[in-house]
Amino acid sequence: MNPSDITPHDHDVLSGRGNGSNLHPGNIRFRQLVNVARERYVSGSKEDKKKYVYCIVHHISSLNPPGRFLEKLDGKDGPWSIMSEKVVINKTRQALREKAPEIEKALREKASAIEKAQRGKFKKVSNTFHSQYTENQNLECLTS
């Protein structure tokens, strides 16, 4: 396909900064998927991390019409081009790693609170918190 023939649609994820790409429906969907998978990505094994990345990319490309990851050629005024799979994978990994230190700290605090509660050091621990934590660990890769 000739790059000048590419017109973004609502399922596409647009590379770029600012409100143009941030407010694009495909970018909003991409960020939602990343947010769903981020905690599990950060705490997951190397194999799990790969699964979450490919799950997000596959979800976008499985939409009807298929979503594409697009970037502008020649700066902001050039035609759209489809990003290589390697670039898409790297960008998705980067999105999943955003805020990783804060998430890791929160996960350690959650695990510590649960461990202390199980040892009986705290008499009042929210059962809701514990069930939400456990439920989150058992979710499928991503939701629609």
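The values are calculated or read from the model by the stated rules, or taken from the named source; none is laboratory data. Every value quoted in this text rests on a predicted model; they were computed, and no experiment measured them. Please note: Cβ atoms are built from the backbone with ideal geometry, for glycine as well, and neighbour counts cover all protein chains shown. To get the accessible areas, we keep the full protein, side chains included, count just its heavy atoms, and leave off ligands, DNA and RNA. Shrake-Rupley method; radii C 1.70, N 1.55, O 1.52, S 1.80 Å.
Using the beta-carbon distance between Y54 and Q118 and R0 = 22 Å, what value does 1/(1 + (r/R0)^6) give for FRET efficiency, to the nearest 0.05?
Numbers: r = 35 Å, r/R0 = 1.58.
Calculated value: 0.05.
Which links in K50/K76; K50/K91; K49/K91 stretch past 24 Å when you go from one Cα to the other?
Working: K50/K76 31 Å; K50/K91 13 Å; K49/K91 13 Å.
Violating the 24 Å Cα-Cα cut-off are K50/K76.
Rank these residues by their accessible area, most exposed first, probe 1.4 Å: I28, I103, I82, I89. It would help to have the intermediate numbers written out before the result.
Numbers: I28 60, I103 30, I82 90, I89 10 Å².
The ranking, largest first, comes out as I82, I28, I103, I89.
Over the stretch 1-82, what per residue volume does the convex hull of the Cα atoms give, in whole Å³? Intermediate values should be presented prior to the final figure.
Details: hull volume 8.8 nm³, N = 82.
Once divided by residue count, the hull of the stretch 1-82 is 107 Å³.
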